[in-house]
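Report on one structure; see the data block that follows.
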Amino acid sequence: MVRIKPIMLGAAAALLPSTLALPRHNIENINIRRGPDGVGSNVDRAQAVIEAFRFSWEGYYKYAFPHDELHPVTNTFSDSRNAWGASAVDALSTALIMGQRDIVNQIISYVPTINFTTTATEVSLFETTIRYLGGLVSGYDFLSGPLAHLADDKKNVDALLTQAQNLANTLSYAFDTPTGIPHNTLFLSTRSTDTDPNGLATTGTLVMEWTRLADLTGNKTYADLVQKAESYLLTPKPASNEPFPGLVGTNISPETGLFLDASGGWTGGTDSFYEYLIKMYIYSPAQFAQYRDRWILAADSTIQYLTSHPVTRPDLTFVAMYRNTTLRLVSQHLACFDGGNFILGGQVLGNQSYIDYGLELVEGCRQTYQATATGIGPEIFAWDEAEVPDDQGSFFNRSGFYITNPTYDLRPEVLESYYYAYRATGDIKYKDWAWEAFVHINETARVGSGFSSVDDVNVVGGSGHGDFMESFWFAEVLKYAYLIQTAGDEEWQVDGKGDGWVFNTEAHPFRVRSS
């Protein structure tokens, strides 16, 4: 889930007619208490999330579509993700799951018009894969399967797969290196790339999307490209760049295939490599047993070597970062997916110790929300008692961490882990925690015609907003907030027990191969 703040490009208003005008609901008051059955009104909560989705879509469609992102404060737009309509493609799988037929058809009617060979921006192979390729493939899986009734024109469904192929074909030259490890930054107009090393996550978070495309199209080349690149991560060299078994460095040379450092963790830049190891095993256990084994190795080392308890709150569990074998007592909102990943892995492997550890991590990330003035967790936090800022001493003593970057950039990871915790345990508290988080986000990040980043989560009201609605707001935050509140018997709901679907790191669900 590498997230690098995109460069803002030209802004202008795309004033298109909107048919989605909805009143803003006072969702803060919807079903805070549970009903007499102990379950609570799932319908009320789910409908509140749908309202937030439709409100966000209305603002985007009116002021930004078909550009990449809405600027909700100024009602303008930007094209930081290749100018191909990132928010629309990222929103598709969520609109499908929510049954929003009108929005589904607005998106799939647009997709055939995208020219994936032309862009004025540099292209991130990683971000383009998880958002665009993932969104198209997931949309096709749904609309050629259980949600086919939501498409008004089957030709638009077929176009999802055709356009996914067109996109992959455009990107494929990135893998033309001495090792097959791709470069991440592409310049399509000259069919060139950067010359920088690639990263662990940006290399290791392509395999699910391209493998699924290969299976859907019958073109094995798509899978061969990404699996060859992944092979260098599964058998890392040199040995010195694997400071703990299964835990590796961050940067890799596309020319030699060698790791260039021994720093890492479960944070941005490395995170989704570990996430995909167990998810690829779910996708096809027979083919990806080696991925499972590497996940187990990394999970065991994480528990043994990276587990950390703040001195002021030893009841909390965090995962430290590392530089060689030296721990760094710092983490990120991005890393809070780790609890959910451990829970999912424990469910799949029938290992309760992984589930229990994952639940501990969920509790730790829950605290980063509970402790702040807005009820939302910060972008970066730490718990090194030797580095506590002078003005956060009492906060550290009370909360077990201190804040080093106070922003909230519409991140989904805490909600994501609540989702997996609820699916594994059935404990209603995780639904309540997710609702509580959603209420606080709605209260603080909702601004103008959509939602935007918050400047300081530890100031009541957030101390101001950015002017940028991330496409993953549609794909991830609203999807997890919705899924955890719904009835739970839909086939795409996952719990690690013979699942027919697996979610990519952008929360786009794919059918597993056996399905």
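Using the Stokes-Einstein relation with a Kirkwood hydrodynamic radius computed over Cα pairs, the translational diffusion coefficient of the range 269-308 at 25 °C and a viscosity of 0.890 mPa s comes to 235 µm²/s.
Within the chain, the longest run free of GluC sites (Glu not before Pro) that sit in a DSSP loop with at most 16 other Cβ atoms within 10 Å is 256-489. Just so you know, the averaged projected area of the alpha carbon convex hull for the range 35-167 sits at 9.5 nm².
The order of the peptides 147-156, 88-97, 348-357, 398-407 by mean Cβ neighbours within 10 Å, most packed first, is 88-97, 398-407, 348-357, 147-156. Computed with every protein chain present, the accessible area of Asp176 is close to 130 Å² [probe 1.4 Å]. The H on the amide N of Trp84, modeled in the peptide plane, is under 5 Å from the matching H of no residue at least 5 residues off or on a different chain. Considering the range 338-387 at the alpha-carbon level, its Rg and Dmax are found to be 13.5, 40 Å. Simple rule: put +1 on each Lys or Arg Cβ and -1 on each Asp or Glu Cβ in the range 389-514, find the dipole, and look at Val454, Ser514, Phe472; the Cα lying farthest toward the positive end is Ser514. All Cα-Cα separations within the range 135-243 were binned at 10 Å from zero, giving a P(r) of 13, 38, 29, 15, 4, 1, each value a whole percent of the pairs.
Compute the orientation-averaged projected area for the range 180-227 from the convex hull of its Cα atoms and round it to one decimal in nm². Let's see the in-between values first.
Details: hull surface 14.9 nm².
Averaged projected hull area, Cα only: 3.7 nm².
Of the whole protein surface, Ser231 contributes about 50 Å² of accessible area at a 1.4 Å probe radius.
Across q = 0.20 Å⁻¹, the range 251-328 modelled as identical point scatterers on its alpha-carbon atoms has Debye log10 I(q)/I(0) values of -1.00, in the order of the q list. Here the Karplus relation 6.51 cos²θ - 1.76 cosθ + 1.60, evaluated at θ = phi - 60°, turns the backbone of the range 316-326 into coupling constants of 8, 10, 10, 9, 7, 8, 9, 10, 6, 9, 8 Hz, with x for every Gly and Pro. Report Rg/Rh for the range 325-442, rounded to two decimals, where Rg is the Cα radius of gyration and Rh the Kirkwood radius. Rounded to two decimals, Rg over Rh is 0.99.
Cross-link partners of Lys497 among lysines, defined as those whose alpha carbon lies under 30 angstrom from its own and excluding same-chain residues fewer than eight positions apart: Lys220, Lys228, Lys279, Lys429, Lys431, Lys479. When shorter helices are ignored and each DSSP H run of at least 4 residues is given -39500 (n - 2.57), the per-residue value for the chain at 222 nm works out to -12500 deg cm²/dmol. If I take all pairs of Cα atoms in the range 378-515, what percentage of them are more than 22 Å from each other? Beyond 22 Å sits 49 percent of the P(r) for the range 378-515. The figure for Arg446 is an accessible area of roughly 20 square angstrom, using a 1.4 Å probe on the protein chains alone. For the chain, rounded, prolate or oblate, judged on the Cα gyration tensor with a ≥ b ≥ c (square roots of eigenvalues), a/c < 1.5 rounded, else prolate if a/b > b/c? It comes out rounded by the Cα gyration axes. For the range 62-130, how big is the tail of P(r) above 18 Å, as a whole percent of Cα pairs? Roughly 41 percent, rounded to a whole number.
Based on the alpha-carbon set only, what is the convex hull volume of the range 397-446 divided per residue, in Å³?
Values: hull volume 5.4 nm³, N = 50.
Hull volume over Cα atoms, normalised by residue count, gives 107 Å³.
The values are calculated or read from the model by the stated rules, or taken from the named source; none is laboratory data. In this text, all values refer to a predicted model and were calculated from it rather than measured experimentally. Ideal geometry is used to build each Cβ from the backbone, glycine not excepted, and the neighbour counts take in all protein chains shown. All accessible areas refer to the heavy atoms of the entire protein, side chains included, with ligands and DNA or RNA removed. Shrake-Rupley method; radii C 1.70, N 1.55, O 1.52, S 1.80 Å.
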